[in-house]
Amino acid sequence: MTSTLKLRARRRLRTTPGGQFDCEISFSDGPGTVQTVAYGERELPPGGIPAYLAARKDGVRSFVLWADEHRQARVARVVTLTAGRRAQFEVLGPQGESLGRLTRDKAFSRGIRTRWTVSRPGAPDAVGYKGRLFWWCVWWLCTPMLPFAFIAALFNGGIGGDFPRSPRRIKWRAGGRIPLEFKSFGDTVRVNAPDLDWRLAAALAALIPSFDGWIGYAWDSRTD
């Protein structure tokens, strides 16, 4: 059975008893079964938002996924182990137990495309690459036309319009299977492996758009 986790950034933030959330993640395992399962909130360092945004430029991420709007229980917590060209993140459960590790290798560091690796206990690493080579070739060939496309998109509704975007789809492969797939349309992660912890997939669903979102519009990049 395939389940889907979808990220939704809160553009119009709603005040909750403990403050504002930055995003929320919904879960679906079939028609009519969509429910919100996690609320995302950045964990700010001592320097507050400016310090977070400064560290963010080097690939640092730190956030909590809460199970409810009252912050009574955690779904997972994501912390940065290493940053830079090879950024590694530990996904922790409610009691601090490790659910798995997510690794992002920037493009041209260990291959032409950005590589995402999902590591979890008792299972082979799942490796996925951002975009298909064919569509990257199309993207690079069309690069000279991008300024005109951006201008056209601005007149068609700005960020909410149809901005051209680089290829973002990711398929993870492990042991001859495709346990995970990231769909760029709607920022969704499809889970095809029944034994994969959905909390790890939820962390992945939040982490990838934080790197691929538009500058100033990624869910964890707001300045207030």
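From 208, 151, 170, grab the single residue that is aliphatic (A, V, I, L, M) and either more than 14 Å from the chain's Cα centre (by Cα) or modelled with pLDDT under 90 (or both). Unique residue meeting the criteria: 151. When residue 112 is tested against (1) buried (at least 17 other Cβ atoms within 10 Å of the Cβ); (2) modelled with pLDDT of 55 or more, only condition (1) is not met. Summed over the stretch 66-97, residues that are over 23 Å from residue 10 (Cβ atoms), part of a strand (DSSP E or B) and open to solvent by 50 Å² or more (accessible area, probe 1.4 Å) total 3. Checked across the stretch 91-104, the condition of being modelled with pLDDT of 95 or more, acidic (Asp, Glu) and either under 20 Å from the mean Cα position of the chain (by Cα) or farther than 23 Å from residue 25 by Cα (or both) holds for no residue. The selection criterion, being among the charged types (D, E, K, R), closer than 25 Å to residue 36 by Cβ and not in a strand (DSSP E or B), does not hold for residue 113.
The values are calculated or read from the model by the stated rules, or taken from the named source; none is laboratory data. The model shown is predicted, which means the values in this text are computed figures rather than measured ones. Note: ideal-geometry Cβ built from the backbone for every residue, glycine included; neighbour counts use all protein chains shown. The area values use the complete protein model at the heavy-atom level, side chains included, leaving out ligands, DNA and RNA. Shrake-Rupley method; radii C 1.70, N 1.55, O 1.52, S 1.80 Å.
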